[in-house]
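Shown next, in structure tokens, is the structure this report addresses.
The values are calculated or read from the model by the stated rules, or taken from the named source; none is laboratory data. Bear in mind the structure is a predicted one, so any value in this text is a computation, not a measurement. Here the Cβ positions follow ideal geometry from the backbone for every residue, glycine too, while neighbour counts run over all protein chains shown.
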């Protein structure tokens, strides 16, 4: 169990910062990346992610901070959070394909790729994938039960919100009035 907790903790401290960072590189500079092209964007993006993961891996034990030990309570919490994330993933999967998840429509030349997702869970909240992600990150943190992953999980909330703001700006540019109508009728995170 200790090895599994350590691995889950490492996945967060090594993988989460570059994963979130990817969207801070893409969304504010989307016009540049569209000119560069999808293939080169992903080559550069993957190189940047790998380059940032290597030093994080080297200092993973420092980033994990204190080990709070194996706790049946935190494992149970992790299971509930993971189940919530899995439920959302199951519901959104047929609407948000891997290509969309990777950002391919955003990179279409002229900025008109893809279609606006408004069905399924996207008819209830605008960002089910990000809600799923928060549940998943907290599930990993609770299962690992190290201080560092809890800190990163907490820090991920405002970072994810900033990514959502950047993404909404890009979606407004891409879909115009259709997106404005969607904004007015569907809440960002919580169904009211």
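If you take the residues in the stretch 106-120 that are in a helix (DSSP H, G or I) and surrounded by 14 or more Cβ atoms within 10 Å (Cβ to Cβ), which one is modelled with the lowest pLDDT?
Out of the qualifying residues, it is 111.
With respect to residue 177, is the statement that it is over 15 Å from residue 24 (Cβ atoms), surrounded by 18 or more Cβ atoms within 10 Å (Cβ to Cβ) and either in contact with a helix residue (DSSP H, G or I) (Cβ under 7 Å, 6 or more places away or on another chain) or free of Cβ contacts under 8 Å to residues at least 12 places away in the same chain (or both) true?
Criteria not met by residue 177.
So which of 14, 36, 54 ends up being under 15 Å from the mean Cα position of the chain (by Cα) and either more than 20 Å from residue 135 (Cα to Cα) or crowded, with 17+ Cβ neighbours inside 10 Å (or both)?
14
Using the structure shown, decide if residue 43 is over 19 Å from residue 111 (Cα atoms) and free of Cβ contacts under 8 Å to residues at least 24 places away in the same chain.
It is true that residue 43 is over 19 Å from residue 111 (Cα atoms) and free of Cβ contacts under 8 Å to residues at least 24 places away in the same chain.
Restricting attention to helices (runs of 4 or more DSSP H) lying wholly within the stretch 1-100, give those where 2 or more residues are out of contact with any strand residue (DSSP E or B) (no Cβ under 7 Å at 6 or more places or on another chain) and at pLDDT 95 or above.
2-26, 38-58, 60-64, 72-92
Spot the failing condition for residue 103; the list is (1) in contact (Cβ under 8 Å) with a residue 40 or more places away in the chain; (2) surrounded by fewer than 18 Cβ atoms within 10 Å (Cβ to Cβ); (3) not in a helix (DSSP H, G or I), and only one is missed.
Residue 103 satisfies every listed condition except (2).
Among the residues of the stretch 60-78, which ones are farther than 24 Å from residue 21 by Cα and without any contact (Cβ under 8 Å) to a residue 60 or more places away in the chain?
Matches in the stretch 60-78: 72, 73, 76.
Could you please find all residues in the stretch 116-133 being touching a helix residue (DSSP H, G or I) at 6+ places or on another chain (Cβ under 8 Å) and under 20 Å from residue 172 (Cβ atoms)?
116, 117, 118, 122, 125, 126, 127, 128, 129, 130
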